[in-house]
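To start, the structure under review is shown below, and the notes come after it.
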Amino acid sequence: MYDQAEKNMGQSLNGPREVLKRLSRAPLAMAGLVTVLILVVAAVFAGYIAPYGYADQDLMAAFEEPSRTHIFGTDEFGRDIFSRIVYGARVSLQVGFIAVGIAVFVGGFLGAIAGYYGGFADNAIMRAMDILLSIPSILLAIAIAASLGPGLFNLMIAVGISSTPNYARIVRGSVLSIRSQEFVEAAKAVGSSDLRIIMKHIIPNCLAPIIVQSTLGVAIAILTAAGLSFIGLGIQPPIPEWGAMLSGGREYIRDYAYMTIFPGLAIMITILALNFLGDGLRDALDPKLKR
């Protein structure tokens, strides 16, 4: 019985090949996947792709409009905007993925404990999550960032903590539906510890909703980070970040609109691509839609 339970474990998460095959049937999802991969490549190889350093200044070329030399133009310090956007992809994706990683780890752990043990632990954890959910996530992130101070690390902490309740609720709901399954009962019958049951049997069966929410969560995290940087609570100059670039260019928007258009487009395209990918993964990982 236990061997059969091991074989059946993880049925809620389809094989990678099947998921990719079903994902390929959704053009928008594939477009989102390709766009995200391009952004990741640009972030990793920014030093080779960007024609200039993100902090290189040429005051004689300040406010130069898009041209063959500077395809996105230059800012008030003569810095190449295209290069800064490319380097900014590294910062924005780093914030997005690490912040979501923090939220998944903390929220997933709390949700698994609440769903598996129930009772007092469930009430205490979920009431705390309800309190956090009663505060708009952007306001919670602003409060945390203001308390910790500006900076990359503090920004990731603020965005991650503000997203934690969503993952706690998702994991708790999945655990509640899984903990009474036969393979969990079989694991208990052979003497497996609670930690082993949670990590080896329950968490793998919660991966599908976590993956979907994480993909969408990265988009939200990038947007939140851009908003915090826009108001001065995120990344500090001269490190390039798309929200900070928007903030820096807003006072010149009447005469040099390109300074805000290109960073804004970078944010918009990234969020749109991640949303398309998240929607596609939701459909590909949904066993009810299996054909």
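With respect to the stated conditions, SER137 is buried (at least 17 other Cβ atoms within 10 Å of the Cβ), among the hydroxyl-bearing types (Ser, Thr, Tyr) and farther than 22 Å from PRO238 by Cβ. Determine whether PHE109 is farther than 25 Å from CYS206 by Cβ and hydrophobic (A, V, I, L, M, F, W, C). So PHE109 does not fit the description; no.
For residues that are part of a helix (DSSP H, G or I) and either surrounded by 18 or more Cβ atoms within 10 Å (Cβ to Cβ) or free of Cβ contacts under 8 Å to residues at least 40 places away in the same chain (or both), tally how many sit in the stretch 215-264.
33
Considering the stretch 177-188, the residues that are surrounded by 12 or more Cβ atoms within 10 Å (Cβ to Cβ) and over 30 Å from the mean Cα position of the chain (by Cα) include one that is modelled with the highest pLDDT, namely ALA186.
Kindly indicate whether any position in the stretch 158-176 is farther than 19 Å from ALA121 by Cβ, without any contact (Cβ under 8 Å) to a residue 60 or more places away in the chain and surrounded by 14 or more Cβ atoms within 10 Å (Cβ to Cβ). Looking for residues that are farther than 19 Å from ALA121 by Cβ, without any contact (Cβ under 8 Å) to a residue 60 or more places away in the chain and surrounded by 14 or more Cβ atoms within 10 Å (Cβ to Cβ), one finds at least one in the stretch 158-176, hence yes. Evaluation of ALA124 against the conditions (1) part of a helix (DSSP H, G or I); (2) farther than 12 Å from TYR54 by Cβ; (3) in contact (Cβ under 8 Å) with a residue 40 or more places away in the chain; (4) hydrophobic (A, V, I, L, M, F, W, C) shows that the sole unmet condition is (3).
Do we have ILE269 as in a helix (DSSP H, G or I), surrounded by 20 or more Cβ atoms within 10 Å (Cβ to Cβ) and among the β-branched types (Val, Ile, Thr) here? So ILE269 fails the test. Listed by first and then second residue, the pairs linking a residue in the stretch 139-151 that is of a type outside the set (A, V, I, L, M, F, W, C) to a residue that is at pLDDT below 90 and not in a helix (DSSP H, G or I), with Cβ atoms under 7 Å apart and 6 or more places separating them unless they lie on different chains, are PRO150/GLY232; PRO150/LEU233; PRO150/GLY234; PRO150/GLN236; GLY151/GLN236.
Tell me, please, whether a residue that is in a helix (DSSP H, G or I), within 24 Å of the chain's Cα centre (by Cα) and among the charged types (D, E, K, R) can be found in the stretch 127-148. So far as the stretch 127-148 goes, yes, one or more of its residues are in a helix (DSSP H, G or I), within 24 Å of the chain's Cα centre (by Cα) and among the charged types (D, E, K, R).
Here the condition is being touching a strand residue (DSSP E or B) at 6+ places or on another chain (Cβ under 9 Å) and modelled with pLDDT of 80 or more; of ALA42, ALA46, ALA50, ALA26, it holds for ALA50 alone. Looking at the structure I just gave you, is GLU65 part of a loop (DSSP other than H, G, I, E, B), surrounded by fewer than 23 Cβ atoms within 10 Å (Cβ to Cβ), touching a residue at least 60 places away in the same chain (Cβ under 8 Å) and out of contact with any strand residue (DSSP E or B) (no Cβ under 9 Å at 6 or more places or on another chain)? No.
Checked against the criterion of being surrounded by 21 or more Cβ atoms within 10 Å (Cβ to Cβ), assigned to a helix (DSSP H, G or I) and either without any contact (Cβ under 8 Å) to a residue 12 or more places away in the chain or over 18 Å from the mean Cα position of the chain (by Cα) (or both), the candidates SER83, SER92 yield just one match: SER83. Among the criteria (1) surrounded by fewer than 20 Cβ atoms within 10 Å (Cβ to Cβ); (2) touching a helix residue (DSSP H, G or I) at 6+ places or on another chain (Cβ under 9 Å), the one SER193 does not fulfil is (2). Of all residue pairs spaced 6 or more apart or on separate chains, those with beta-carbon atoms under 8 Å, a first member in the stretch 27-38 that is closer than 20 Å to PHE97 by Cβ and a second member that is among the β-branched types (Val, Ile, Thr) and crowded, with 16+ Cβ neighbours inside 10 Å are THR35/THR270; VAL36/THR270. Does any residue of the stretch 160-170 turn out to be at pLDDT 90 or above, more than 19 Å from ILE98 (Cβ to Cβ) and out of contact with any Pro (no Cβ under 8 Å at 6 or more places or on another chain)? Checked the stretch 160-170: at least one residue is at pLDDT 90 or above, more than 19 Å from ILE98 (Cβ to Cβ) and out of contact with any Pro (no Cβ under 8 Å at 6 or more places or on another chain).
The values are calculated or read from the model by the stated rules, or taken from the named source; none is laboratory data. From a predicted model like this one, the values you see are computed outputs, not experimental measurements. Cβ coordinates were reconstructed from backbone atoms using ideal geometry, including for glycine residues, and neighbour counts include every protein chain displayed.
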